[in-house]
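A short write-up of the structure that comes next.
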């Protein structure tokens with residue numbers, strides 16, 4: 001059965017936005033603005049339009065720059081990613097237009113995403129790229145059903161907001177923060193706003209983090225409340241699957257609840273199930289464990305801050321700077337922001353790059369108003385990622401005369417493809433060889449070849465499935481020379497040979513269908529295997 005797992009882009013986007021804000025503004029009320037409420041309000045955003053600009057500046061010491069590093073800096077310094085118009089119809093459906101600007105010029109792009117796929121068009125590519133947001137990865141149908149139920153319950157009960165509230169209510173404010181009232185021009189409209197300006201440096205990071213952890217460990221009531229809400233979401237959905245007696249849990253394959261340990265684990269299973277079914281007991285157990293982990297984290301962070309490692313000391317010094325200018329409207333929606341982030345180089349500038357400086361600006365409008373995403377037509381023959389097509393094939397769709405083509409060529413010239421040299425034993429007998437010749441065909445242990453190629457191998461009786469790093473699927477059977485590659489039948493040069501617990505396969509056929517290249521040097525007796533990139 002084809003099992004599908006869905007990915008929600010909106011979920012991680014919310015948490016990324018929240019993480020950036022809570023670090024720099026804390027949670028306490030200032031100047032008439034309830035920062036806790038303002039940050040949680042952002043979790044309620046279901047639709048909006050937005051523009052975002054992210055730029056990077058590298059500070060350098062020219063006397064230490066190698067030619068290679070200087071070329072990289074010349075190309076990428078002051079690079080700017082501009083999303084000129086992002087339309088979010090809902091968290092599963094959005095579109096954007098933007099461009100990547102470098103010293104050599106700009107590369108425009110467009111994207112459209114729904115719950116099933118992402119369509120991307122980039123200047124210099126002859127075809128649109130389609131990235132499925134569902135994937136087949138061997139999950140059972142039961143597991144897929146569980147995750148779908150959990151997602152619905154998670155959303156229905158507003159766990160996002162509960163978690164955010166627990167976090168921001170325990171965050172301390174940085175030393176430097178002020179709130180004023182005024183107006184800001186946002187998307188050609190004058191808006192009455194609360195203006196928040198704050199800053200912190202690396203010396204404040206550890207004290208703020210330690211205070212946050214201590215606040216969490218003291219906030220037993222809200223911590224337990226959140227755990228209880230998570231319990232109400234998770235346990236009713238998971239319990240029916242964990243109660244199954246005669247099969248491994250689809251959630252915990254190979255766990256003590258499954259068949260490998262038989263009846264010897266029945267008592268433990270019953271005890272755990274009974275404890276988990278008692279909400280008060282389960283919440284107490286989880287809360288106690290979570291607090292212990294927080295104490296361990298507290299000690300670990302404090303210990304790391306005392307390290308003599310130059311990179312850590314530089315990061316926790318005044319060289320690390322975070323500055324934020326935020327504008328919230330009267331409904332506590334974040335409408336405009338600018339973040340400046342500066343970090344010293346972890347190597348102390350030994351390679352010539354002394355610091356990295358990021359600037360992130362955004363404007364947001366039409367919050368929770370009707371917004372329509374711009375559907376992007378992928379065309380009749382798009383390049384679909386994850387359907388046995390490798391990035392090497394995608395390169396064939398790049399116009400070499402375009403800026404994109406020029407950048408890719410520059411990057412590819414820096415690297416030589418990895419090559420493995422495999423001794424070939426000229427013998428028709430099996431032995432502890434890396435590869436051997438059998439009836440004129442080069443054979444190799446499948447597990448060894450898979451390790452070289454970055455592929456996975458799974459077995460079911462005599463059936464073998466090889467999954468390559470670019471999602472090519474090869475189905476084999478012991479004793480058969482038939483191979484099915486992505487549902488297309490092929491005849492290999494020889495059969496799969498089983499010896500003991502090992503399976504030997506025709507080397508060239510498998511390697512080339514996993515996007516490797518094979519050559520043989522008769523003089524050295526070595527097979528040259530060029531690995532896929």
Modelling each spin label as a point 7 Å along the Cα-to-Cβ direction, I'd like the residue 148/residue 44 distance in nm, to one decimal.
3.1 nm
Contact order relative to length of region 393-520, as percent, for alpha carbon pairs under 8 angstrom and 6 or more apart:
15 percent
Residue span residue 309 to residue 469: 0.36 nm per residue of separation minus Cα-Cα distance leaves a gain in nm of 54.0 nm
Once the Cβ-Cβ distance between residue 460 and residue 512 is put in as r, and R0 is 35 Å, what FRET efficiency do you end up with, to the nearest 0.05?
0.90
Pairs of alpha-carbon atoms within less than 8 angstrom and 6+ residues apart define the contacts here; what relative contact order does region 40-114 have, in percent?
30 percent
Most exposed first by the Cβ proxy, i.e. fewest other Cβ within 10 Å, how do 513, 187 rank?
187, 513
Fewest-first sequence of 238, 529 by Cβ atoms within 10 Å of each Cβ
238, 529
In percent, how large is the relative contact order of region 145-238, given Cα pairs closer than 8 Å and 6 or more residues apart?
36 percent
Please work out whether region 432-533 counts as rounded, prolate or oblate from its C-alpha gyration tensor, where a ≥ b ≥ c are the square roots of the eigenvalues and a/c under 1.5 means rounded, while otherwise a/b larger than b/c means prolate and anything else oblate?
oblate
Give the shape of region 302-402 as rounded, prolate or oblate, defined through the alpha-carbon gyration tensor: a ≥ b ≥ c are the square roots of its eigenvalues, a/c under 1.5 means rounded, and otherwise the shape is prolate if a/b is larger than b/c and oblate if not.
oblate
For the residue pair residue 343 and residue 331, what label-to-label distance in nm results when each label sits 7 Å from Cα along the Cα-to-beta-carbon direction?
3.5 nm
When 88, 492 are ranked with the fewest other C-beta atoms within 10 Å first, the list becomes 492, 88
Multiply the residue gap between residue 281 and residue 69 by 0.36 nm, knock off their C-alpha separation, and tell me the result in nm, one decimal place.
70.5 nm
Where a ≥ b ≥ c are root eigenvalues of the Cα gyration tensor, a/c under 1.5 meaning rounded, otherwise prolate if a/b exceeds b/c and oblate otherwise, region 487-533 counts as oblate
Stretch gain in nm, segment residue 393-residue 414, where the contour uses 0.36 nm per residue and the Cα spacing is subtracted
5.6 nm
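Any read-out appearing in this document is the output of simple, stated calculations on the displayed coordinates, not a laboratory observation. Computed from a predicted model, the values in this text were never measured in an experiment. Cβ sites come from the backbone with ideal geometry, for glycine too, and all protein chains shown count toward neighbours.
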